[in-house]
Amino acid sequence: MGVSLRILVIVNGMSLVAAAVKAETLKAAWQELMALSVLVQPLLLLSLLLLCAGRRLFARMSYSGGIAAVVGLELVLVTLVHGLVRDLMAADGAFQLQRNWLFTLLVTAALLGYFNLRSRALSPALSEARLQALQARIRPHFLFNSINAVLSLIRSDPRRAETALEDMADLFRVLMADNRQLVRLEQEVALCRQYLGLEQLRLGDRLRVAWRIDKMPHDALIPPLVLQPLLENAVYHGIEPAVEPGEISVDIYSSRNQVHLLLRNPYRSEGRHHGGNKMALSNIRERLALHFDAEASLTTKVSDNSYQVHIVIPYTRVEAK
């Protein structure tokens, strides 16, 4: 979706520039743009459909072969569309076709150059480095609090303390792992349950969690450590400052080939450190963009007594071998 949107914006932007350069007045520029759109819009839609349909074929080609195939496809399409437009609107003949070829070549070259530069900027090495840097910033402060909670249990409830230490070891293992690849959603949920179990050691009945995951797609893939930092914020900002019990609700479901993660926690406008949410949210937004581009989103909503985070990602699964 992100690639398609960029193509739409760039092509229509270049059409607008071409119309403005050719015309002398604003009215003439508008008329020129409308005349150009008769050719550009059908050509643009056909190109997107055929390029999307043939993406697997293009992916198997060499880079130079792929460029030649794309340029050839665009020239064929502009010739066909020009023939249709000429018959419908009695447009000029050979000269008009040559001008359309030139415009198509310029736009195609601009798009190929732009995506080449963008692919270099988001090359695997750089993307992995950025993901590692983002991941390194996730150092949950709850681990220090959990150590104190476990120490208080060693004598009174050694079995529970042992379980807690095992959960902490699992959490450390995930934090220190190479977290550049997507993981199954059920793994992230299991990790979050371990985290909340540790928090419950020190918060007791003050922490209540409502899991609504009956419709959760267990095989969906998500970036690691997306939900856990949000739960950490929910505990830190919504549960810890209050004396009375508070509830964190987690809704996970799939709809229209998308996965929705909806988290709510108590909110108090007089809280002293709500600004701390921004770093975790910006971290997660950037990681979602690196993995899913424009197809993922993270939105927040604040009401009188609750704070809501809503993540939407495309429903991707592990490919069967």
Report summary line: the range 1-102: helices (runs of 4 or more DSSP H) wholly inside it with 3 or more residues that are out of contact with any Lys or Arg (no Cβ under 6 Å at 6 or more places or on another chain) and β-branched (V, I, T) are 2-22, 63-89
**Report entry** Verdict on L261 being of a type in the set (A, V, I, L, M), under 27 Å from R180 (Cα atoms) and either in contact (Cβ under 8 Å) with a residue 12 or more places away in the chain or surrounded by 15 or more Cβ atoms within 10 Å (Cβ to Cβ) (or both)
**Finding:** yes
Report summary line: Given the conditions (1) touching a Cys at 6+ places or on another chain (Cβ under 7 Å); (2) surrounded by fewer than 16 Cβ atoms within 10 Å (Cβ to Cβ), every one holds for L227 apart from (2)
**Report entry** Set V11, V40: member being within 30 Å of N257 (Cα to Cα), touching a residue at least 24 places away in the same chain (Cβ under 8 Å) and of a type in the set (A, V, I, L, M)
**Finding:** V11
Query raised in the report: What pairs come up if the first residue lies in the range 194-212 and is small (G, A, S), the second is surrounded by fewer than 21 Cβ atoms within 10 Å (Cβ to Cβ) and not in a helix (DSSP H, G or I), and their beta carbons are under 8 Å apart, counting only those six or more places apart or on different chains?
Result: A210/E247; A210/S249
Requested in this report: Given the conditions (1) modelled with pLDDT under 85; (2) out of contact with any helix residue (DSSP H, G or I) (no Cβ under 6 Å at 6 or more places or on another chain); (3) not charged (D, E, K, R), report the number of the one that H310 does not fulfil.
Outcome: (1)
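The values are calculated or read from the model by the stated rules, or taken from the named source; none is laboratory data. All values reported here derive from a predicted model rather than from experimental measurement. Note that each Cβ is placed from the backbone with ideal geometry, even for glycine, and that neighbours are counted across all protein chains shown.
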